[in-house]
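What follows is a set of notes on a single structure, which appears directly below.
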Amino acid sequence: GIQVEQSPPDLILQEGANSTLRCNFSDSVNNLQWFHQNPWGQLINLFYIPSGTKQNGRLSATTVATERYSLLYISSSQTTDSGVYFCAVVRSNDYKLSFGAGTTVTVRA
Amino acid sequence: EPEVTQTPSHQVTQMGQEVILRCVPISNHLYFYWYRQILGQKVEFLVSFYNNEISEKSEIFDDQFSVERPDGSNFTLKIRSTKLEDSAMYFCASKLQPGAGPYEQYFGPGTRLTVT
């Protein structure tokens with residue numbers, strides 16, 4: 001199956017700092033989604049971004065499908081940004097999401 | 001905004017008991033999924049469902065698991081005889097179209113299953 005690698009595995013930030021999370025995948029994809037898992041375990045859909053760039057408030061994401069990677073940017077981080085961020089992809093001609101292992105972000109006040 | 005809902009939010013059961021996890025996908029969506037996340041691990045695909053039949057299932061989805069769409073709105077996952085290792089968060093998801101195209105999957109809030 002497709003391999004999805006996220007880096008770094010852990011990230012500790014001071015409130016107000018900016019950060020970049022990376023997702024590499026091993027095959028061509030037709031879907032890529034970024035999720036934030038909150039302390040209650042819910043998966044919050046951040047971006048649906050199979051290609052291109054999107055922004056939503058302090059978060060933005062870029063996917064370069066031809067080079068098989070996606071980046072999630074967090075600017076002016078807040079303590080509420082803490083949690084695990086997952087990248088998930090659907091390989092071309094497939095139907096199911098394959099998830100990475102996640103990046104655990106801790107934002108300190 | 002339409003959303004996927006799941007009930008219950010938390011289910012505690014004893015080993016060997018049957019459980020049914022319920023999901024209401026977004027109303028005009030056609031393709032449905034169950035995923036599972038064991039505590040501290042990544043989310044794994046269990047099964048996909050379209051047109052009242054299983055489209056694909058993972059190795060995890062053995063004979064103790066079954067899925068059903070009993071009416072026009074609900075989508076259920078049944079675990080026949082629960083084991084300790086079935087303890088996990090179970091997520092339901094749906095998407096608008098059944099094809100392999102670039103279609104976003106919408107996730108429910110999850111059901112946390114604890115088997116004692």
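The values are calculated or read from the model by the stated rules, or taken from the named source; none is laboratory data. Remember, it's a predicted structure, so these values are computed and weren't measured experimentally. As a convention, Cβ positions derive from the backbone with ideal geometry for all residues, glycine included, and neighbour counts pool all protein chains shown.
Of the set (1) more than 13 Å from A:TYR69 (Cα to Cα); (2) part of a loop (DSSP other than H, G, I, E, B), all apply to A:ASP27 but (1). Looking across the range B:27-45, the residues that are in contact with a Phe, Trp or Tyr (Cβ under 6 Å, 6 or more places away or on another chain) and either small (Gly, Ala, Ser) or surrounded by fewer than 22 Cβ atoms within 10 Å (Cβ to Cβ) (or both) come down to B:TYR31, B:LYS42. Reported count of residues in the range B:4-46, each being away from chain A (no Cβ under 14 Å), more than 17 Å from B:ALA93 (Cα to Cα) and not in a loop (DSSP other than H, G, I, E, B), is 3. In this structure, B:ILE60 does satisfy being without any contact (Cβ under 8 Å) to a residue 60 or more places away in the chain and either of a type in the set (Val, Ile, Thr) or in a loop (DSSP other than H, G, I, E, B) (or both). Screening B:GLU1 on (1) touching a residue at least 40 places away in the same chain (Cβ under 8 Å); (2) over 15 Å from the mean Cα position of the chain (by Cα) shows it passes everything except condition (1).
Any residue in the range B:72-87 that is in contact with a Ser or Thr (Cβ under 8 Å, 6 or more places away or on another chain), within 19 Å of A:LEU97 (Cα to Cα) and within 11 Å of chain A (Cβ to nearest Cβ)? No, because not a single residue in the range B:72-87 is in contact with a Ser or Thr (Cβ under 8 Å, 6 or more places away or on another chain), within 19 Å of A:LEU97 (Cα to Cα) and within 11 Å of chain A (Cβ to nearest Cβ).
For the range A:46-64, the set of residues classified as at pLDDT 95 or above and not hydroxyl-bearing (Ser, Thr, Tyr) consists of A:LEU46, A:PHE47, A:ILE49, A:GLY52, A:LYS54, A:GLN55, A:ASN56, A:GLY57, A:ARG58, A:LEU59, A:ALA61, A:VAL64, listed by residue number. Is it the case that A:PHE35 is within 11 Å of chain B (Cβ to nearest Cβ) and under 21 Å from A:GLY1 (Cβ atoms)? Yes, satisfied.
Would you please name the residue that is surrounded by the fewest Cβ atoms within 10 Å (Cβ to Cβ), looking only at residues in the range A:28-59 that are among the β-branched types (Val, Ile, Thr) and in contact with a Phe, Trp or Tyr (Cβ under 8 Å, 6 or more places away or on another chain)? Checking each candidate, the answer is A:ILE44. Listed by first and then second residue, the pairs with beta-carbon distance under 6 Å, at least 6 apart or on different chains, first residue in the range A:76-96 and within 12 Å of chain B (Cβ to nearest Cβ) and under 16 Å from B:LYS57 (Cα atoms), second surrounded by 20 or more Cβ atoms within 10 Å (Cβ to Cβ) and among the aromatic types (Phe, Trp, Tyr), are A:LYS96/B:PHE45. Would you pick out the residues in the range A:47-61 that are farther than 19 Å from A:ALA17 by Cα and more than 10 Å from chain B (Cβ to nearest Cβ)? Across the range A:47-61, the qualifying residues are A:GLY52, A:THR53, A:LYS54.
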